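Undergrad: Below is a structure I'd like to ask you about.
The values are calculated or read from the model by the stated rules, or taken from the named source; none is laboratory data. This structure is a prediction, so every number in the text was calculated from the model and none was measured. Here Cβ is always computed from backbone atoms with ideal geometry, including for glycine, and neighbour counts include all displayed protein chains. Only protein heavy atoms, including side chains, enter the accessible area calculation; ligands, DNA and RNA are left aside. Shrake-Rupley method; radii C 1.70, N 1.55, O 1.52, S 1.80 Å.
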Amino acid sequence: MDQNDINNNKKDRDSSGRDMMEINEENNTSIIGDSEFDEIERSKVSIMRALVQREDPSSSSSQEVDDYELRRFLRARDMDIEKAANMFLKYRSWKRSFVPTGSISAAEIPEQISHNKLFMQGFDKRGRPIVVVFGARHKQGKVDDFKRYVVFCLQTICARMPRGQEKFTSIADLRGWGYANSDIRGYLAALSILQATRSLEQSLELTRVVDCYPERLGKLLIVHSPYIFMTAWKMVYPFIDSNTKKKITFVENKKLKSTLLNEIDESQLPETYGGILPLVPIQDCSSL
């Protein structure tokens, strides 16, 4: 067994050691989702790859990624080849500048890691890894440091996805959130990594910020949301694109358990929400 087989085996098992295919068979679900290409997608991916190579012949960027990544960029731009290729080229330029070594380590962001605010554990009924964020543990800091933390988290989440899976489900827990945690620039900077619009870039005056992880978020469940959070939400909401908005659900406290169980099998529910699986800090997941 080579190293890739070992890594894939790790990614396809939960904390109890069960194979992810077993879990999804029990739940009568599939981890493959919509990983198969139709003829139109395959054709557009091929054209997009050629266009990227033509526009940036000095770079091997079009050869460094698989068809799935190119398809995510196409889907993020409604299958428009030219827009998707332009978006992809901007992403590659941003990555060479912002992540010159190809990845970000926990050692580069010690302050953000010390907040202990993001965890992983379990998989939802569609086979998507579950990410839990505790908003009350976030503190304002340097925007670039927070952006590096977001990239670190996303690269770790993506590396832990089972074969055939491209998206993750997130639970944003805002219990105890207050004005001290309100970080509009940080929130928008994080959003700009998942998606980017012209109005967002202009309002933040950010450079080299593009949609870096398109079509990765599958579902966002916001729980224990205090009333005062809506002040910050109203400032962020206009910058969220329509596709992302459809993935966001505010969960009433009285419907918390039932809503979570609609999305997540009880065997995969984190213990903090009545399940049995302990949460694992994101920095520990990166070494698994």
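Undergrad: Given H placed on each backbone N at 1.01 Å, which residues far from Phe250 in sequence or on other chains put an amide H within less than 5 Å of it?
TA: Ile222
Undergrad: Got a number for carbon plus sulfur as a percent of segment 134-200's accessible area, 1.4 Å probe?
TA: 52 percent
Undergrad: On the full set of protein chains, 1.4 Å probe, figure out the accessible area of Ser43 and give it in Å² to the nearest 10.
TA: So the heavy atoms of Ser43 present about 60 Å² to solvent.
Undergrad: Suppose the chain between Asp241 and Glu108 were pulled fully straight at 0.36 nm per residue; how much longer would it get relative to their current alpha carbon spacing?
TA: Extra length available between Asp241 and Glu108 comes to 44.8 nm.
Undergrad: Taking the simple approach of a point 7 Å from Cα along Cα-to-Cβ for both Tyr68 and Arg175, what is their distance in nm?
TA: If labels sit at Tyr68 and Arg175, their model points lie 3.4 nm apart.
Undergrad: Here's a follow-up. If Ile113, Ile130 are ordered by their accessible area, calculated over protein heavy atoms with a 1.4 Å probe, which sequence runs from highest to lowest? Walk me through the intermediate numbers first.
TA: Numbers: Ile113 25, Ile130 0 Å².
Ranked from most to least accessible, the order is Ile113, Ile130.
Undergrad: How far is the Cα center of segment 177-195 from the Cα center of segment 243-268, in Å?
TA: That distance is 22 Å.
Undergrad: Give me the accessible area of Asp78, 1.4 Å probe, in Å² rounded to the nearest 10.
TA: Roll a 1.4 Å probe over it and Asp78 shows about 130 Å².
Undergrad: Sticking with this one: With θ taken as phi - 60° and the coefficients 6.51, -1.76 and 1.60, list the Karplus ³J(HN,Hα) couplings across segment 255-261 in order, rounded to whole Hz; mark glycine and proline as x.
TA: 10, 4, 4, 5, 5, 5, 6
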